[in-house]
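**Student:** Quick one: structure below, then a few questions.
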Amino acid sequence: MMNRGIRGATTVTRNDEQEIVQETLRLLEEMVRRNELQPEYISNIWITMTQDLDAAFPAKAIRQLEGWDLVPLMCSVEIPVQGSLPRCIRFMVQVNTDKSQSEIKHVYLNEAKRLRPDLSGSNA
């Protein structure tokens, strides 16, 4: 088994707790579905948000899901690069898997599809 990184990102329309939680869970659900993940095999998840989002901790929403309370989660602020995509939530999920690098399906939702158009259309 190898440890692989799975990238994911989404955006919200406003700095609102409910929307941040909703889009966090939607992104996680898509990553789980597309990659057939189980919490037991996830070594950790790094979550970043742009500086314009401070209404909620995405990790708190994930910890409340059944079976996810023991997955190590870490939230951080994204580097503030001028002209970068606003209101963006990014994931780096590290998972133990037998899948090859080319079998990993990265997930980009909402306006975050612009971050990696090369991956956004090929992983649905």
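**Student:** Could you order peptides 9-19, 30-40 by the average number of other Cβ atoms within 10 Å of their residues, highest first?
**Tutor:** By packing density, highest mean first, the sequence is 9-19, 30-40.
**Student:** What list of ³J(HN,Hα) values in whole Hz, one per residue of the stretch 52-61 in order, does the Karplus curve 6.51 cos²θ - 1.76 cosθ + 1.60 (θ = phi - 60°) give from phi, with Gly and Pro shown as x?
**Tutor:** 7, 10, 8, 8, 7, 9, x, 4, 4, 5
**Student:** Tell me the angle of helix 17-35 to the major Cα principal axis of the chain, expressed in degrees between 0 and 90 and rounded to the nearest ten.
**Tutor:** With rounding to tens, the tilt is 30 degrees.
**Student:** Turning to a different aspect of this structure: Would you mind telling me the antiparallel percentage of the DSSP bridges in the chain, rounded to 5?
**Tutor:** Around 70 percent antiparallel, to the nearest 5.
**Student:** Probe radius 1.4 Å, ligands and nucleic acids ignored: give me the carbon and sulfur share of the accessible area of the stretch 1-113 as a rounded percent.
**Tutor:** Values: 3120 of 6460 Å².
Reported share for carbon and sulfur atoms: 48 percent.
**Student:** With a ≥ b ≥ c taken as the square roots of the eigenvalues of the C-alpha gyration tensor of the chain, please select rounded if a/c is under 1.5 and otherwise prolate if a/b is larger than b/c or oblate if it is not?
**Tutor:** Because a/c hits 1.5 or more and a/b fails to exceed b/c, the chain counts as oblate.
**Student:** Mind checking the per residue accessible area of the chain for me, 1.4 Å probe, whole number of Å²?
**Tutor:** Per-residue value: 59 Å².
**Student:** How much accessible area does S76 have with a 1.4 Å probe, in Å² rounded to the nearest 10?
**Tutor:** Only protein atoms counted, so the area is about 60 Å².
**Student:** I would also like to ask the following. Quick one: what are the phi-derived ³J(HN,Hα) couplings along the stretch 67-79, Karplus 6.51/-1.76/1.60 with θ = phi - 60°, whole Hz, x for glycine and proline?
**Tutor:** Values, residue by residue: x, 9, 5, 9, 6, x, 10, 9, 9, 8, 9, 5, 4 Hz.
**Student:** Net charge around V77, counting only other residues with Cβ within less than 14 Å of its Cβ (Lys, Arg = +1; Asp, Glu = -1)? Write down the numbers at each step before the final one.
**Tutor:** Working: positive: R87, R90; negative: D52, D54, E78.
That works out to -1.
The values are calculated or read from the model by the stated rules, or taken from the named source; none is laboratory data. Worth saying up front: this structure is predicted, and the values here are computed from it rather than measured. In this analysis, Cβ positions are derived from the backbone assuming ideal geometry, glycine residues included, and neighbour counts consider all displayed protein chains. Remember, those area values only see protein heavy atoms, side chains included, never the ligands or the DNA or RNA. Shrake-Rupley method; radii C 1.70, N 1.55, O 1.52, S 1.80 Å.
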